[in-house]
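What follows is a short report on a single structure.
The values are calculated or read from the model by the stated rules, or taken from the named source; none is laboratory data. Source: prediction; values computed, not measured. Methodologically, a virtual Cβ is constructed for each residue, glycine included, from the backbone with ideal geometry; neighbour enumeration extends over all protein chains shown. Side chains included, ligands, DNA and RNA excluded: accessible areas come from the protein's heavy atoms. Shrake-Rupley method; radii C 1.70, N 1.55, O 1.52, S 1.80 Å.
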Amino acid sequence: MDWKILGRGKGLKGEVVVPPDKSISHRAVMFGAIARGECRVDNFLFSEDCVATLEAFRSMGIEIVRDDNSLIVRGKGLNGLVSSPTKLYLGNSGTSMRIISGILVGQDFQIELIGDESLSNRPMRRIIDPLTLMRADIRGEKDGLPPLKIIPSKEGLLGIDYVSPVASAQVKSSILAAGLYASGQTVVTEPFQSRDHTERMLKYFSADIKTVDLTTTIKGGKELSPKDIHVPGDVSSAAFFIVAALIIGGSEIYLRNVGFNSTRTGLISVLDRMGAKIEIENHRSGEEPTCDMRISSSRLKGTIVEKEELPLLIDEVPIMIIAALKAEGRTVISGISELKVKETDRVKTMKDNLVRLGADVAEKDDSLIIEGGVGRFDAAELNSFGDHRIAMSMAVAALNAEGESVIKNIDCARTSYPKFIEDLEKLQ
Ligand code: S3P
């Protein structure tokens, strides 16, 4: 669907309950399915990506029942999965393909994992290499691209000590999942901190897992004991409204139930440095901390985002670019190579749209240089390129444009935020 959206001078007002977290919803199904016993997952995200994960485990014999906004996952233990009669289709979701692979290399059946056009072009060597070191038999197509074929390991999985070249939670989680099935201990060290939902959930399910600084160690062979999970709101989905309220003068909005795990809140820290008025209220600690946020339009100033910080806002860079264009002065974002292997090459897809909006960013080495001080954007025909986060970033840019813009294929927002348009309209 193409969506017409009128730029506006007037501020955004109102309140939104942020949709459930995508990363945590995926993991709740994955680890719930291989835990021994029943687990209730409240506030599950019924988006296309997470439903792909859910269907994958159903097709491997796991009973998963929907109860309104919750799921009941009847886990069958580490070795309770059965081979799917069909290839596992994982849609657009790199998280699903990478973490589920870590689980499947520990099974005694053969299986094939496929995805949509975007997922079929995402690098899998980053998991194939470490899993192969663990004696897994996992093969991609040419250049390590999907489909992935997984064959039972002949000699069984072996724990490894792996220093990951990328700060990727998907890679870390894939290795830790395989570590549940490996003999001995599996150790993963990442170059910089990435999101830690896997470590938190496995610990909550009584796995033998420990993290010290950037190194996590897990011992294999221990069954997981499920417990009920409440999925917090997704700070990555909140990000679009946060930036919209900051850059559109006269805005004041309230976001409820936002996940506030410090490995996910890089955007909030960066915006804070830029002078954003974001008040954190009702901070609730727990397995996964949450809070409510009040955001008012603000005069932003440019900042520097170092590459160590980037994994903490990796999915928020497209919308961060929009905020930086509106700030006073220059913003530099370093360590951008990972952005090029997301659902689209997000440097390329952002640049293409920015030109249409009458703006630009420069790329130098591994950094983006954004000159701020841009006035209202030009109204334009914008393209999501089928990437949910590009679609939603463009909706925010279009709100700030002079006149009517069109966003082509806005539907892909359903990947992570099925009610995005509805919620955005609520704030207008
Ligand atoms: C995710 C990790 C990130 C992120 C993705 C979700 C996860 O990918 O971009 O949207 O749930 O583990 P990388 O860990 O590969 O950077």
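Numbers at a glance
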item: The range 304-325: number of residues that are closer than 14 Å to Arg346 by Cα and either open to solvent by 10 Å² or more (accessible area, probe 1.4 Å) or not in a helix (DSSP H, G or I) (or both); result: 2
item: Per-region count, the range 379-388, residues in contact (Cβ under 8 Å) with a residue 40 or more places away in the chain and open to solvent by 10 Å² or more (accessible area, probe 1.4 Å); result: 3
item: Identity of the residue in the range 3-47, within 16 Å of the ligand (Cβ to nearest atom) and among the aromatic types (Phe, Trp, Tyr), that ends up farthest from Arg200 (Cα to Cα); result: Phe44
item: Pairs, first at positive phi and modelled with pLDDT of 95 or more in the range 129-144, second open to solvent by 100 Å² or more (accessible area, probe 1.4 Å) and in a helix (DSSP H, G or I), C-beta under 6 Å, six or more apart; result: Gly144/Arg125
item: Matching entry among Ser225, Ser236 (being open to solvent by 10 Å² or more (accessible area, probe 1.4 Å), touching a residue at least 24 places away in the same chain (Cβ under 8 Å) and closer than 30 Å to Ile64 by Cβ); result: Ser225
item: Members of the range 206-217 that are crowded, with 22+ Cβ neighbours inside 10 Å and under 19 Å from Ala33 (Cα atoms); result: Ala207, Ile209
item: Residues of the range 239-252 satisfying the condition of being open to solvent by less than 10 Å² (accessible area, probe 1.4 Å) and touching a Ser or Thr at 6+ places or on another chain (Cβ under 8 Å); result: Phe240, Ala244, Ala245, Leu246, Ile248, Ser251
item: Tabulated pairs, the range 101-122, first closer than 17 Å to Thr415 by Cα, second open to solvent by 20 Å² or more (accessible area, probe 1.4 Å) and aromatic (Phe, Trp, Tyr), C-beta under 6 angstrom, 6+ apart or interchain; result: Ile114/Tyr89
item: Flag for Asp129 being surrounded by fewer than 17 Cβ atoms within 10 Å (Cβ to Cβ) and within 16 Å of the ligand (Cβ to nearest atom); result: yes
item: Meets criteria (in the same structural domain as Ile410 (by TED's automatic domain parsing) and either more than 16 Å from the ligand (Cβ to nearest atom) or exposed (fewer than 15 other Cβ atoms within 10 Å of the Cβ) (or both)) for Ser367; result: yes
item: Selection from the range 48-81 of residues that are among the hydroxyl-bearing types (Ser, Thr, Tyr), more than 16 Å from the ligand (Cβ to nearest atom) and buried (at least 20 other Cβ atoms within 10 Å of the Cβ); result: none
item: Meets criteria (within 16 Å of the ligand (Cβ to nearest atom) and open to solvent by 10 Å² or more (accessible area, probe 1.4 Å)) for Ser118; result: yes
item: Residue check for Ile280: out of contact with any His (no Cβ under 9 Å at 6 or more places or on another chain) and open to solvent by less than 40 Å² (accessible area, probe 1.4 Å); result: no
item: Residue in the range 338-361 that is more than 17 Å from Glu381 (Cα to Cα), in contact (Cβ under 8 Å) with a residue 12 or more places away in the chain, polar (S, T, N, Q) and away from the ligand (no atom under 15 Å from the Cβ) present; result: no
item: Condition check for Arg36: open to solvent by less than 10 Å² (accessible area, probe 1.4 Å) and of a type in the set (Lys, Arg); result: no
item: Residue selected from the range 266-278 under the condition in contact with a strand residue (DSSP E or B) (Cβ under 7 Å, 6 or more places away or on another chain) and part of a loop (DSSP other than H, G, I, E, B), by the criterion farthest from Gly249 (Cα to Cα); result: Met274
item: Check on Glu281, assigned to a strand (DSSP E or B) and over 18 Å from Glu371 (Cα atoms); result: yes
